[in-house]
Amino acid sequence: RPLLTAPQHPLTPLSFHVAYHFVAELLSFPIASIFEKTFSNGLCCWGTKLINAYLVLLGLPGAEMIGERAALQRQQSLPHRPVIPLVARMADQNTSGTPAMTEREAFRLDKFRQLLAGPNTDLEELRKLSWSGIPRQVRPITWKLLSGYLPANAERRASTLQRKRQEYFGFIEQYYDSRNDEHHQDTYRQIHIDIPRTNPLIPLFQQASVQEIFERILFIWAIRHPASGYVQGINDLVTPFFVVYVFEYIEEEVENFDVSSLQEEVLRNIEADSFWCMSKLLDGIQDNYTFAQPGIQRKVKALEELVSRIDETVHRHMQHYEVEYLQFAFRWMNNLLMRELPLRCTIRLWDTYQAEPEGFSHFHLYVCAAFLVRWRKEILEEKDFQGLMILLQNLPTMHWGNEEVSVLLAEAYRLKFAFADAPNHYKR
């Protein structure tokens, strides 16, 4: 394909094969068996990154540069909309970018507060109320309750928080010094490499103290989960919890907030709470990250079957141009769409995921299907493999807010209602 060749640097099958093995080893990509299966088709599931690395070695323009240029052109062609902050401001009750709370939002906030004020919170009612989004002021306590981190009984919450926070920092004392041991140094080194890449456009995450917090959280999680250990992509899953729990203590914008202005005890609380809630999330999807990542492979296959039933035209279009779902949807499952959406949208999406039974493990499949079909027009306009891959890896969601996420979730719920109770309906 044109993307892969240059007259002065012809990629022979042998040089291509050698480069594949060298770059794959260099970048430590997972599921090597899938590379062998799909590499002969031109680009494997990690092809853009592999080819980009190889082209850089040859001194040629990288594939990611091409993708970024195309994505920028698409973004610039969008109708003008007000720029929404990366993370919603205090006034943006539902992270929507709207400047003031509406009467309806004020009513919903009051309902949340009444529900949370009782001696025993009705978690079923809290889930129903949270499905349509959680106001910023009550999101921290609501997430902790819905994740199972805090008990429904109000009297037990303070002691539970104290015990769990002490337990987490006990893990730090017990395990963190071992990060440079021979047995753990590879894990720690990979975490240390990945952390600066986490949301690089948000200054909050580039602060040294924040990166150290993330390193501790991820290293302790990896040590306590040897079946999977640390896998690239898990680093993204810390950020929504961290931002939400920072908002518990501040009223200003979070993008440029200097965490050093917080008391040490507050930072420790945010760190421990983020660790435990991330752990609760990962407990439900851990087979996504065990050897060969079988959970992701099953979900990508289920996504392909589902899309083939709900939009056969899109499915056949991608088949015609030899686009395999694993080539773009692996990231959707591995990172829970966090690389495809602004952080404000991820936080809103997770309101629903935590309210929905098996939201991260099951409902996410229907969100991905709705998300793919949402770009039907753009997909059908692309007439080659390269164009489709660049589109699918750079979907123009920069301006998305609450409205777009709500439409996406409504369509996902419709698909779940139609197919979840009768999975054979989307199997041929």
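Listing for the model above:
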read-out: Single unsatisfied condition, Tyr188 versus (1) touching a Lys or Arg at 6+ places or on another chain (Cβ under 7 Å); (2) surrounded by fewer than 16 Cβ atoms within 10 Å (Cβ to Cβ); (3) part of a helix (DSSP H, G or I); value: (2)
read-out: Matching residues in the range 251-287 - criterion: being part of a loop (DSSP other than H, G, I, E, B) and free of Cβ contacts under 8 Å to residues at least 12 places away in the same chain; value: Gln263
read-out: Long-range neighbours under 8 Å by Cβ, at least six apart or interchain, first residue over 24 Å from Gly284 (Cβ atoms) and touching a residue at least 12 places away in the same chain (Cβ under 8 Å) within the range 312-338, second of a type in the set (Val, Ile, Thr) and part of a helix (DSSP H, G or I); value: Val314/Val307; Val314/Val373; Val314/Ile379; His317/Ile379; Met318/Ile379; Glu324/Thr38; Gln327/Thr38
read-out: Members of the range 150-185 found to be farther than 22 Å from Leu116 by Cα, part of a helix (DSSP H, G or I) and of a type in the set (Asp, Glu), listed by number; value: Glu167, Glu173, Asp177
read-out: Test: residue in the range 319-335 that is under 30 Å from Phe112 (Cα atoms) and within 12 Å of the chain's Cα centre (by Cα); value: yes
read-out: Residue that is touching a helix residue (DSSP H, G or I) at 6+ places or on another chain (Cβ under 9 Å) and surrounded by fewer than 18 Cβ atoms within 10 Å (Cβ to Cβ), where the choices are Arg331, Arg298; value: Arg298
read-out: Residue that is nearest to Ile270 (Cα to Cα), among those in the range 194-250 that are of a type in the set (A, V, I, L, M) and not in a helix (DSSP H, G or I); value: Ile250
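Bear in mind that the values in this text are calculations on the coordinates, not laboratory data. Everything numeric in this text was worked out from a predicted model, so none of it was measured. Cβ sites come from the backbone with ideal geometry, for glycine too, and all protein chains shown count toward neighbours.
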